[in-house]
Every structure is written in C-alpha cells, then in structure tokens.
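Chemist: Take this structure, written in structure tokens, and hold onto it; I'll ask about it next.
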Amino acid sequence: MSNTMQSHIENGQDGVIFEKSEPGRSNPCQAPRAVEGSPVIPASLLRKTVPMLPEVSEMQAVRHFTRLSQKNFSIDTHFYPLGSCTMKYNPRACNTLAMLPGFLNHHPLAPVETGQGFMTCMYELQEMLKEVTGMQAVSLTPMAGAQGEFAGMAMIRAYHDARGDDARCEVICPDAAHGTNPATAVMCGYKVKEIPTKADGDIDIDALKAAVGPQTAGIMLTNPSTVGVFERRITEIAKIVHDAGGLLYYDGANLNAILGKVRPGDMGFDVIHMNLHKTFSTPHGGGGPGAGPVGVSDRLLPFLPVPMVGFNGAQYHWLTKKERPQSIGQLSAFGGNAGVLMRAYIYARLLGREGMPRVAEYSVLNANYIMVELQKRGFDLAFPSRRATHEFIVTLKRQAKTLDVTAMDFAKRLLDYGYHAPTTYFPLLVPECFLIEPTETEDKATLDGFIDAMAKIQHEAETEAAMVKGAPYTLPSRRLDDVRAARELDIVWRDTET
Amino acid sequence: MPFIPHTETDVKQMLASIGASDIDALFDEIPVELRIGILDQVPAGLNEMEMSRLMHARAAGAQPLCFIGAGAYEHHIPAAIWEIVTRGEFYSAYTPYQAEASQGTLQLIYEYQSMMAHLTAMEASNASLYDGASGLAEAVLMAVRANRKSKSKRILMPATVNPSYRRVVQTIVENQGITLELIDYQHDAGCIDLASLPVEPGDVAALVIPQPNFFGVLEEVSGLTDWAHARGMLVVAVVNPTSLALLTPPGEWGEQGADIVCGEGQPLGVPLAGGGPYFGFMCCNLNHVRQMPGRIVGRTVDADGKPGFALTLQAREQHIRRSKATSNICTNQGLVVAAATLYMTLLGAEGLARVATTSHLNTQQLSEQLTTIEGVEIAFASPNFHEFVIKLSGVTSDAVLDALLAEGVLGGFNLSADYPALGEALLVCATETKTTADISAYRDALSRVMQTLKGGAA
Amino acid sequence: MSNAPSHLKYAQSHEWVEVIDDDTYRIGISDHAQALLGDMVFIELPEVGQALNAHDECAVVESVKAASDVYSPLSGEVVEINETLEDSPELVNRDPYGDGWLFTIKATDRSELDELLSADGYIELNSDSDD
C-alpha cells in the first residue's frame, strides 16, 4: 500500500484542480450545444463576472479525481475498525441494482403509477424494518441518523403536547451518549440531564431513579451502549422511565450487534432510529449520504414523519400530512434518501431472515476475539469483566502516562501498518480510548494482522517512542497542523494562491 | 454465508481463544426473555441472480418524457461522474476522521467548497447538508444565531419559496420558538412586491429570498436585499446552482450581498432517483463562518511543511459541543458532493452557462408553444429561468396530467393544492435535455388533451 | 501542577479575577484551563456595555479539540475587552494571567468575591481531578 501511495506524492501531480486549469480549455462533448438566442432576462439580474470553475479536459478531471481517490483508506482497500461506525463490506450488487436507469430517472413528483416498482421496494423495506426492530410502524424519510434522532425526539414532544402534558422539559442522556443525542434534544427544545455510567459499563440505576420525575420527557439510550456492552437491566430502566411518564428513545447506532437476536421494541423502547449506512451496509461515501428511518411503538404511531408508503391492496401510494394529520411533518423536500434506502432494501433481501442474526453473531465473535487477543498481549480493557458486543474499548491511559505515547499516536502508527485507526477519544469518559469494531465481514487472518500490528506498536512505544509519536510516515501526508488550519483559515481556493 | 468469510476452523479457533463453547455463549449477558426466534416477516434470502432479476423487473416500464421540475431537475449527467464517484475508495470510505488516510476525500471537499463559494460569490462554504429543504431550515437557524442585533426569532418567508421547503423548515424550527411569517406574492407577476412590504416590519432576524422562485420567476433580489439590510435583517438566499451561471450571484445582490446562501445541489450531476440522495449547499461570508453548521475542510500543512487538508472549526460540531452545537448534523452528503464537484469540473463555467442558457431558452420556446393552445395561458408576465406556470381553463389540472401521462408525457407539477388562488395551474419545466421535437410532442399532446377534455365536458 | 498566582481569586469553573480598583475587575481563564483545552484558535468575547450576572455564560474559548464556555465570576457591566485576542488567540495559552486576559467588568456586588477560591483552594480543587 505504502509504495503506490508514495509514488503519487512524489510525481508532482498533487495540486488542487484549479492549478491544472487553463483558460479556454473545455469539454464540449459533455455540455449542450451552443444555442442561438440570448436570455430573455433583464440585464440587472444577469451575472457580470464568470465564476472561477476549473477549465480542464475530461481526462485531466478523471485522472485528478482517480488520484484523489487513491489517497483514501476505504473498506474496499483497508481494514477499517472504526468503532460505532460499522464499516462493513458494501456489496456491489446493492449499488448496481439501485442504479438501474428505471430507478435513477424516476422524478420524485411523478405520479405513483409510474414508480410502482420503486414504491414496492420502499414498502417492503418499511415492513422488514418493523419486524427486525419489533416496532409498530416505520417511516423511511429521515436522511441520516441525526435526522432520525431529531424525528424521534420531535415525536416524543408531539406525544406529550397532544396529551397537554407540557411540564415535561427534560431529556435524560447517559454521559457516554453520542454527541448528537444532547444536540438533538436541544433542537427539540429540551434541556439535557446527564446521568453517569458505572464502572461495569451499565447505567447507574440509582442516578436514573433520582433523575426521573414529572419533568422527564424521555431518555435517549444506545443498547448495546456506546461503551460496547449490553445494558443488562434494560427492562428495569424502561419501567422506571415509563412509570415516571417518560418515553424511551433508542439510538440505533449499535443495532448491528443484536440484529435478529433481540429487538428494541421488546426491550420497551417507544421510538428507534436506524443508521442504514451501518447495519444495512449502505455506503458511507466519505461521510454520507446516510439514511435514518424511524420506528415507533403504538403510542407514537400518529406522529411519524411523512411521507410514508401506503398500500391499498392494489397500488402503493404516498401518505402525507393529509392522511396523517398528527405527523410531525416533512423532513426533506421529497421522500428522503431513496437511493440509499434502495441499497439497504437490496442488502436486506440478499441476507434474508436467516442472514440477519448471522450479522450479529459474527460481528460479536470478531469483536470478542480481538478483545481477548489484545488482552493476552497486555492491552488494558475499559470493561474487562464484560463481554464485548460488536465493539469494545481498549484504554491506552497506561501507555500515555508511562511512555508518553497516546491513543492518537497509536492511531497514527496503525495507519503506517495499513489499518485504519479505531475510533479514538470516544466515548469521552474513557481516557485515551480506542473503540474497536471489526464487523462480521472481516476474516480471521485480517483480525490477526491487526492484533499483531497493535502488539508491534506497543513494542515500538516501549523502545522508540519518538518514532511512534512522529507517525504516520508512509501516507500521502504526515500529521497535519490543525491549529494552523483553524487559525489561518483557508477553506476556499483563491486564484492569488500559488 | 453471505458476506461472512469465516470457515468452521476459524470459528473453532476463535471460540477456543475466547474460551466460549459456542457463538451463542457470547450473548449470555442479554436477558433470555428478550431473545427472539425467527423473523417471520422477513423473506428468506435471495442470491444475487435472483435479486437482480427481481430488481430489473421492478425498474422496468416506459419512461415518460419529463417536464416536471419543482425542485428536482433532469439534466444530462456526464458518464465519467458516477464511474469515478462509485470507485470503492470514495464509495466505501467514511468521514475523514484520520486526515492522513483521507486526503482524497478532504481535498475533494476543499475543491467543492471553493467551487460553491465562487459560484455564489461568497467567502465560505461548508461540506454540504442533507438537501435543499433541510438546508434552508439550517440556514434559518443559523440566521437567528448570527443576527446579534436582532432579539426576535421572526423570519419573513415569502409564499414564492417552494411550499415543500416551507413545510420542512416549519417541522425543524418550530420547537425552538422560531416563527415564520408568510409574505404574499403579486398575483399577476408571480413574485414578491417590494412596494407592498411594510416600511417598519419591527425586529425580524432574517428575510428569505428565493431565486428563481418556486414559479420559476425571477425576484427583484437586489431591492429586496437592501430593504432587509436597512431594517437589520440578514438575507438568506435560496438559489438554483445551475441558474448562477447566468444570474447575479447572491454575494452581489444589492449593496452588501446576501448573508447566507443555500439551495438544492441536485441539478449538479445528481440523478433524480425518486427524490434522493441529493445535497444541500450552504455558503456565507467569513464573519458568520463560526455560526455555520456542517463540516468544513481547511487547507494547512503537514509535519514536513507540505500542503494538506484537514477538517477545521470542529469545535462548532456536536461531537465536541454536544448540547451547544450549531446543529445536530454530523455527516455531509459526501458521495453526492463528489458527483457535484466532478460535474462542475467537467462543465466548467462555460459548460454550466450553456446548460443554464439552453434550459432557459427551451423553456421560453415551450411556453410560447403551449400558449398557442386554447384554454392555456401564461400565469405571470415576468422574466423566468427554466420553469413557468400555465393556467388551464375548462379542465382540471389532475385530468390534464392523467391524460398527458397516457400520451407518455409528465406534464408538470399541479399547483392547485399549494396555491388555490391560481385555480387550475401547472408548473412546467424544460431543461437542456429537451429537444425541439420533445417540445413539439408536449404541445401536440396537450393540444389533443385539451380538445378531448373540453369536448368531453361540453 | 500548573501555576496559579496568589494575588488572584478563582472560580471553580476555572476563571480568575484580578482586582484593578474598588469596583473594577479583570477576568481571564487559568493556566490549568488553557492547558486542558490546548492550542486556542478563537476567542469569542462579550460586548462592551453588556450587563452580566454572576455565572452567566459570557465568552467562548475555542481550541482545536474543544470549545468551552466562560462564566462570569461576578455580576456587573463589561467595560473593556481584550481586542488583541481577535488576531492572537494564542495569548491565552502563552500568558493566561497577563496578555491573555479576556475582559474587564465593573462589578455591582463585591460580596460575590467571597464565593471565589484562593490560589491554594483552586490548586487543591484541581489536584483531586488531576491524575
């Protein structure tokens, strides 16, 4: 890996696309023919300067962006054990079949009779997601996990409001929650109350009991939790919150660990969002697009975001605010990230009912295997008394203290060994942590290679710490100066630059 | 097993290492009463060949000639774009948390930000938001944060903004005490009447200005911008990116330019695909950049002093600011943005201007032809970009659209539900993908349909 | 342990207060706080003339890895802000008790000073959480 990357750095082809631009170069083959006639638009509304966009040939563009792609780690090229992100293999068939012209050319506002094949897929996906989550209904429309969270909390608010229960102003979040949880609660007009996690990784039930009351709108939980363990007293937690009149929100970030084994609906949750780019293997795409469908219990049924897909026995059709007047409303201009939903649908059908529990089983097997093997090689686990779920946490606090080699240094050195780093410094409550999630699609030899690399870096940290602290050495860039990036903000290329 | 590489030997060795008897033992912390059996409602798995056959059948069917726009536009997408975008290195990478291992994605976003800033004539751009509608909601939230002079949470929202966008903004901002006050439009011109705006609107955080507006009509953006600025409001521009090759960019509206620019990025190389994934773009000037939601990439240097790229201004974001973040957004629409970046690169300013001009002229041609038909008239005598509204007399829009579909034409978007004052009206679009023959085909079909329907009614 | 000059008073939320005269006080963040936050990249200050209550959020110090609210230790009116921080936020790292001061306040309730910690008390507070 390092050799091919190195050659790209050194051959002088690395500038930004604007540096390859020359006035007068164009791609007439990709643009429409020049037409006669001038715009019927008053001069005062017309643009007077030509925007600075690149002027390059098609080949220059293709080469530039192909080379850029080669500077990325990706699942297709590297083991990518990024905890909480479920970087599993994205089957090619999902992409190929979702990009059939009949789907790509379908205008979202075209009459439903022209898109029945597409609508069938959406309806069946709703039904399958209901089944795997144990919820009463599903809306596919949220465009990412964070928007699913927003929809979930907005529904909880709509539920309390509809009952005239307007004193509920607080949402409880564990201190280990994803940062989106508190941010979402605030977007829905709630105050956030944090409760602590105990040393064994479970929620502090006494703190929860003390925290709930008539002011409690709900609790936001991830289970398995963000510290990589299953919340064992979940049924009791559900009872405490429900008894106080609050609702339970399930952050589906870690659904991969329990797919086909346990269902959030059975645990007592009222609303769940799913990250289809995690559990249902749609591409992460360098940071999106995602999809964050939401499922609900009976209580929240009327409030689901629209549009949803309905079926009247003869035809699939959209359900809008007209049919669902209590809905929290629309979250996107159209129906959401349809192309992502199509990929998830295809993946779910390829797995089928027998393939879904296997996802949980083998992702948990892989995680426990790495966990035990790293422990055998002397690494400290954050929760040594617990089983791993699909992920687990190693803490490098001891290395940071005794060798001055931090989790960040380990992460950067792993890149030199050809492994993407695990999630670092999340959750915040475990110092110098690595959150490691191998996923079910990795084979044992790859896991062994990663374990060996970790052991080698540990040895390097003990013998040549300065070298580790300078890593990486073999990538397109050495460590980047992010202080300079923030202080001397350069976020737009200007033609004065050289 | 589908997508699982383990052999029996692997599993045995791994379980032995863990000290577990079988895989099921690894789930022993989950209470037994919560465990489930078979997922009855999920069908049995298909193999790739079976799935392929099923999906080809579902994707089959005639493709009618599309004259619908209304927020999603059919444009030619150069072949190179999705070939490159779906390369595994872009397709299966994640958010660039490890900058050294993500220089490809990071540089691409930097180039995207640069292109969007140049196109809108603004100083800064983020790495994108989910779509145009939710992007406008984020812009409204940002305007309330950024307007330090205003204590109010009032937003002026013209009725000429896409009604779907207005509904999305309502959903997203209503729990934060923000109120959207509707501004009516001139019913003969189809745009905001500057003269009818109040001289003293009171304390308002921002005015939203669409260009072109939902009817395809061009607003008097400079006058509106100056009116808003003179009253302490920020200006949020919602624009079509294709049109910016032709129209005054928001950074140059009025004396000072718009403050926040957002819009739907789909026209830039993204397929219609039933409504998504698309992307929302957002730009602003540097004075407001810390209030902007979403990821931002900066150019910096590495330990050897070589140029490189990294996420920057991250302290605004939810994983650090948690409940005080500018937004709960934690992704962008990475892959779709890659497509847009390639699109702008391949077309360049000249190519984009040709797309804009051809679409505009095709639309003029179509509107001239359709209005030769009896019972069809242009709703607004105002300059437009690549959409226009026709009013129909003696028929219902629904009946016309149904009959056109039977002729193989998607005739437009029915405005009657969102704008009852217009009566029976359609919003029609012709982009550069429409030939003279396509335009004639629509005219002929509509002509027949009008005759038949009116004849039937008589 | 980072330093905490003995002539200053400290809030538990890591702000320091220096007496300028009878009712004017200078406020900044402690050496301990700047070290925890790391390299500063941006400081958002209150406006001159702004009225503050004790414990109000009144400024934001932003580093590469964190953004932290600054709470006013005292009630009163902001009379001066350190404008050099706009271009040189690193002063908060380099000289937290000197050139890296944040703002000056004209206090309305001197008794609030009694709620603040001495340098020894502040050092002791941080030694608990420091390991």
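The values are calculated or read from the model by the stated rules, or taken from the named source; none is laboratory data. Remember, it's a predicted structure, so these values are computed and weren't measured experimentally. Cβ sites come from the backbone with ideal geometry, for glycine too, and all protein chains shown count toward neighbours. Quick note on the areas: whole protein, heavy atoms, side chains included, nothing else; ligands and nucleic acids left out. Shrake-Rupley method; radii C 1.70, N 1.55, O 1.52, S 1.80 Å.
Chemist: Just the accessible area for A:Glu58, please: 1.4 Å probe, Å², rounded to the nearest 10?
Modeler: 60
Chemist: Can you sort C:Asp31, A:Asp452, B:Asp40 by 1.4 Å-probe accessible area, starting with the largest?
Modeler: The ordering from most to least exposed comes out as B:Asp40, A:Asp452, C:Asp31.
Chemist: Cα centroids of the stretch B:379-458 and the stretch A:400-438: how far apart, whole angstrom?
Modeler: A separation of 60 Å, based on Cα centres.
Chemist: Right, something else. How large a share of the accessible area of the stretch B:1-150, in percent, is made up of carbon and sulfur atoms when the probe is 1.4 Å and the other protein chains stay in place? Display every interim value, and only then the final one.
Modeler: Working: 2830 of 5400 Å².
Percent of accessible area from carbon and sulfur atoms in the stretch B:1-150: 52.
Chemist: Ordering A:Met52, A:Met267 from largest to smallest accessible area (1.4 angstrom probe), what's the sequence?
Modeler: Working: A:Met52 50, A:Met267 5 Å².
Largest accessible area first, the list is A:Met52, A:Met267.
Chemist: With the cut-off at 1.5 for a/c, could you classify chain B from its C-alpha gyration tensor as rounded, prolate or oblate?
Modeler: It comes out oblate by the Cα gyration axes.
Chemist: Give me the residues in the stretch A:312-335 whose solvent-accessible area, probe 1.4 Å, is reduced by at least 50 Å² once all protein chains are included instead of the chain isolated.
Modeler: Output list: A:Gln330, A:Ala333, A:Phe334.
Chemist: With a 1.4 Å probe on protein heavy atoms only, work out how much accessible surface A and B bury together, total over both chains, in Å² to the nearest 100.
Modeler: The buried area between A and B, both sides summed, comes to about 16000 Å².
Chemist: Over the stretch A:184-304, how many percent of alpha carbon pairs lie in each 5 Å bin up to the one with the longest distance?
Modeler: 2, 10, 19, 23, 21, 14, 7, 3, 0
Chemist: Also, quick follow-up: Using protein chains only and a probe of 1.4 angstrom, how many square angstrom of A:His242 are accessible, to the nearest 10?
Modeler: In the full protein context, A:His242 sits at about 50 Å².
Chemist: Moving on to the next point. Under the definition of Cα pairs under 8 Å and six or more residues apart, what whole-number percent is the relative contact order of chain A?
Modeler: It rounds to 19 percent for chain A.
Chemist: Counting only protein chains, not ligands or nucleic acids, how are A:Arg233, B:Arg35 ordered by accessible area (probe 1.4 Å), most first? Walk me through the numbers before you get to the answer.
Modeler: Numbers: A:Arg233 95, B:Arg35 70 Å².
I get A:Arg233, B:Arg35, largest accessible area first.
Chemist: Which of the three applies to the stretch A:94-350, rounded, prolate or oblate, going by the alpha-carbon gyration tensor with a ≥ b ≥ c and a/c under 1.5 meaning rounded?
Modeler: prolate
Chemist: Before I look further, what does chain A give for accessible area per residue, probe 1.4 Å, in whole square angstrom? Walk me through the numbers before you get to the answer.
Modeler: Values: 16070 Å² over 498 residues.
Value for chain A: 32 Å² per residue.
Chemist: When only DSSP loop residues count, what GluC sites (Glu not before Pro) in the stretch B:214-285 have their Cβ near at most 14 other Cβ atoms within 10 Å?
Modeler: Values: sites: B:Glu219, B:Glu220, B:Glu252, B:Glu255, B:Glu264; in loops: B:Glu219, B:Glu220, B:Glu255.
Those that pass, being in a loop and sparsely packed, are B:Glu255.
Chemist: Short version: which residues of the stretch A:49-79 lose at least 50 Å² of accessible area, all chains versus chain alone, 1.4 Å probe?
Modeler: The answer is A:Leu53, A:Pro54, A:Phe65, A:Leu68, A:Ser69, A:Asn72 - residues whose exposure falls by at least 50 Å² when every protein chain is included.
Chemist: So which trypsin sites (Lys or Arg not before Pro) in the stretch B:140-240 are both in a DSSP loop and have at most 13 other Cβ atoms within 10 Å of their Cβ?
Modeler: Within the stretch B:140-240, the qualifying trypsin sites (Lys or Arg not before Pro) (loop, at most 13 other Cβ atoms within 10 Å) are B:Arg148, B:Lys149, B:Lys151.
Chemist: Students often get this wrong, so check it: of C:Lys65/C:Lys106; A:Lys209/B:Lys151; A:Lys88/A:Lys191; A:Lys88/A:Lys456; A:Lys321/B:Lys434, which have C-alpha atoms separated by over 30 Å?
Modeler: Working: C:Lys65/C:Lys106 32 Å; A:Lys209/B:Lys151 39 Å; A:Lys88/A:Lys191 35 Å; A:Lys88/A:Lys456 25 Å; A:Lys321/B:Lys434 34 Å.
Long pairs (Cα-Cα over 30 Å): C:Lys65/C:Lys106; A:Lys209/B:Lys151; A:Lys88/A:Lys191; A:Lys321/B:Lys434.
Chemist: Using only the Cα atoms of chain A, build the gyration tensor, take square roots of its eigenvalues as a ≥ b ≥ c, and label the shape rounded, prolate or oblate: rounded if a/c is under 1.5, else prolate if a/b is larger than b/c, else oblate.
Modeler: In terms of gyration-tensor shape, oblate.
Chemist: Return the residues of the stretch B:157-193 for which accessible area with all protein chains present is lower than in the chain on its own by 50 Å² or more; set the probe to 1.4 Å and exclude ligands, DNA and RNA.
Modeler: B:Thr171, B:Ile172, B:Asn175
Chemist: May I ask you to give the solvent-accessible area per residue for the stretch C:37-115, in square angstrom, as obtained with a 1.4 angstrom probe?
Modeler: That works out to 47 Å² for each residue.
Chemist: If r is the Cβ-Cβ distance from A:Asp298 to B:Gln41 and R0 is 25 Å, what FRET efficiency results, to the nearest 0.05?
Modeler: So, using R0 = 25 Å, E works out to roughly 0.90.
Chemist: I'd like to check one number: the per residue accessible area of the stretch B:17-137, probe 1.4 Å, reported in Å² as a whole number.
Modeler: With the other protein chains kept in place, the stretch B:17-137 gives 33 Å² per residue.
Chemist: Can you give the accessible area of A:Met135, probe radius 1.4 Å, in Å² rounded to 10?
Modeler: 10
Chemist: Now, a different point. At a 1.4 Å probe radius, carbon and sulfur cover how many percent of the accessible area of chain A?
Modeler: Whole-percent figure for carbon plus sulfur exposure: 50.
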